[in-house]
Amino acid sequence: MNAAMELVFGRDPGFLPRALHTTAAVGLRYLFFAGVAWLLAYKLLGRRWLHRKIIPRLPGSSDIRREIAYSALTLVIFGIVGAATISAARHGWTRMYWRVSDHGWGWFAGSIVASIFLHDTYFYWTHRCMHHRWLFPLFHRVHHLSNNPSPWAAYAFAPAEAVVEAGIFPLTAMLLPIHPLAFALFMLWQIVFNVAGHTGFEFHPTWLMRSPLRYLLNTPTNHVMHHEKMRGNYGLYFNLWDRWMGTNHADYEARFMEVTSRPRRSDPA
C-alpha cells in the first residue's frame, strides 16, 4: 500500500524526471507526425490532394489553435500516465519484461500485434460509451468540436477523455507480457494511424472498397464521417467492431467511393 501511495503521489524519486522525459518524448513524436501530415496535406501538396479532401473545405485557424491547445494538455496527461506505467513495471506490478530473450523474438512481434487488437477493442467500446448522453459533455464534446478535423485533432481531448485514452498504457502492460521496445513500436503505430485518420484526406485507393480489405482496415473517410455526423463509425484501426455491432454508417462505403472517384482539382477555394 505504501509503495502504491508513493507512486500515486509522485514520491518515487524517479517519477518526476521520468514523467518529464515521457511527456517530452510523446510530445516530440506527436509534433513530428502531426506536423509532417499538416505540412504535406495543407501546405506543400494541398493543391494536388484537394480532390481527396473528404469535407471539401479547410478547417479554420481558430479550430487549429484549439486542437493544438488541447493536444498540448493531452500530451502532459499521456506523459504522466506513461511514467506511472513505467514506475508500476519497475515495482513488478505489470507483465512488462526487459530482456527479449525472456519470451523470444516471435512473441516480441506477436505482442505488438496483440497490443494493436487490444487497443482497437478498448477504443471502440470506450469511445462508444463516451457518446452516452450523460458522459459525452464531460469526456468527448471537446474532440467533437473538430467536425472537420485536421492532423492536430488526433490528440485534441478534454482532460477526462485524455485519461481514458491513456488507460491503454497500463492495461496493455498488465494484460500482456510486453517489452518496452515492443510497446514503443505499438505507440508508433498508434500515432501514425491516428494522425492519418484525422488528416481529413482520403489516401486509400478506390479499389480498397472492392476488396476484402474493406472488412478489415479503417479509413480516414470512416472517421471523418464520425466527426461530421457525431454517431456511428466508432472504430480506430479496423472496421471489425463497427461491422459486428452494426454501427457503420449505412452510406460509408458509398461516401468512400465518391471521395476516391473525384477528378483532380487545382483550385484551392
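Can you tell me which residue is surrounded by the fewest Cβ atoms within 10 Å (Cβ to Cβ) among those in the range 17-65 that are within 18 Å of V76 (Cβ to Cβ) and basic (K, R)?
For the range 17-65, the residue satisfying everything is R65.
Here are W125, W107: which of them is of a type in the set (F, W, Y), farther than 23 Å from A196 by Cα and part of a helix (DSSP H, G or I)?
W107 is the lone residue from the list that is of a type in the set (F, W, Y), farther than 23 Å from A196 by Cα and part of a helix (DSSP H, G or I).
Taking the range 227-244, which residues are in contact (Cβ under 8 Å) with a residue 12 or more places away in the chain and not charged (D, E, K, R)?
Result: H227, M230, G232, N233, Y234, G235, L236, Y237, F238, N239, L240, W241.
Mind checking which residues of the range 234-252 are of a type in the set (D, E, K, R), surrounded by fewer than 18 Cβ atoms within 10 Å (Cβ to Cβ) and part of a helix (DSSP H, G or I)?
Within the range 234-252, R243 is the sole residue that qualifies.
If a residue has to be under 25 Å from G167 (Cβ atoms), of a type outside the set (A, V, I, L, M), part of a helix (DSSP H, G or I) and within 18 Å of the chain's Cα centre (by Cα) to count, how many in the range 178-223 make the cut?
Summing the residues that are under 25 Å from G167 (Cβ atoms), of a type outside the set (A, V, I, L, M), part of a helix (DSSP H, G or I) and within 18 Å of the chain's Cα centre (by Cα) in the range 178-223 gives 10.
Sort through E161, E253, E202, E165 and tell me the only one that's in contact with a helix residue (DSSP H, G or I) (Cβ under 7 Å, 6 or more places away or on another chain), among the acidic types (D, E) and within 30 Å of A89 (Cα to Cα).
Just a single option satisfies the conditions, and that option is E161.
Within the range 138-156, is even one residue surrounded by fewer than 21 Cβ atoms within 10 Å (Cβ to Cβ), farther than 18 Å from L236 by Cα, among the hydrophobic types (A, V, I, L, M, F, W, C) and out of contact with any His (no Cβ under 6 Å at 6 or more places or on another chain)?
Checked the range 138-156: at least one residue is surrounded by fewer than 21 Cβ atoms within 10 Å (Cβ to Cβ), farther than 18 Å from L236 by Cα, among the hydrophobic types (A, V, I, L, M, F, W, C) and out of contact with any His (no Cβ under 6 Å at 6 or more places or on another chain).
Each value in this text was obtained by applying a stated rule to the coordinates, not by laboratory testing. Since this is a predicted model, take the numbers as computed values, not measurements. Virtual Cβ from ideal backbone geometry, glycine too; neighbours counted across all protein chains shown.
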